[in-house]
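Data first, discussion second: the structure below is written as structure tokens.
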């Protein structure tokens, strides 16, 4: 703040040019110009709101949840932990669907270089629409993940039928 006042006094009262003030105080001419334009430091101003690539897709959902929480009893409201767990569940579900899509895409094209970990998927693809088979495979993978996590045992591939 002291430098701000000294630069303003030097230019407005002493008649120093902006170029001279910049060299005397060791600051850029653009900085001197900004100091003369504002009587007080304007502070940091953003040109656009900050990007939040991880959170932005979920802000509408979180806002809706918080709005609904105003009508329920205090003990039933969502905490940050509950909202985070819910969003992680959605994210995990999205990842499982992406993985299932990849497996079924390779199965459908016949590009599987090794035996498919889900041999029933090819038969399912012949009987059901592609997206339905994708979600079915994602659900099966979710059940496998849940079983492995709750049992504490390492994953063991099911015996071929």
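The values are calculated or read from the model by the stated rules, or taken from the named source; none is laboratory data. Only a predicted model underlies this, so the values are computations on that prediction, with no experimental measurement involved. No Cβ is skipped: glycine too gets one built from the backbone with ideal geometry, and neighbour counts run over all protein chains shown.
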Inset, instruction - Determine if region 37-52 includes at least one residue that is under 30 Å from residue 94 (Cα atoms), surrounded by 10 or more Cβ atoms within 10 Å (Cβ to Cβ) and without any contact (Cβ under 8 Å) to a residue 40 or more places away in the chain. - result: yes
Inset, instruction - Being under 20 Å from residue 155 (Cβ atoms) and either surrounded by fewer than 10 Cβ atoms within 10 Å (Cβ to Cβ) or at pLDDT 85 or above (or both) is the filter here, so list the residues in region 111-128 that pass it. - result: 114, 115
Inset, instruction - Could you identify the single residue in 52, 77, 45, 108 that is modelled with pLDDT under 80, farther than 27 Å from residue 139 by Cα and touching a helix residue (DSSP H, G or I) at 6+ places or on another chain (Cβ under 7 Å)? - result: 77
Inset, instruction - Would you check if residue 7 is assigned to a helix (DSSP H, G or I) and either outside the structural domain of residue 130 (by TED's automatic domain parsing) or out of contact with any helix residue (DSSP H, G or I) (no Cβ under 6 Å at 6 or more places or on another chain) (or both)? - result: yes
Inset, instruction - Would you mind finding the one in 101, 84 that is at pLDDT 85 or above, surrounded by 10 or more Cβ atoms within 10 Å (Cβ to Cβ) and under 23 Å from the mean Cα position of the chain (by Cα)? - result: 101
Legend entry - Test result for residue 70, loosely packed, with under 10 Cβ neighbours inside 10 Å, outside the structural domain of residue 7 (by TED's automatic domain parsing) and within 30 Å of residue 86 (Cα to Cα): yes
Inset, instruction - For region 25-36, state whether one or more residues are part of a loop (DSSP other than H, G, I, E, B) and under 38 Å from the mean Cα position of the chain (by Cα). - result: yes
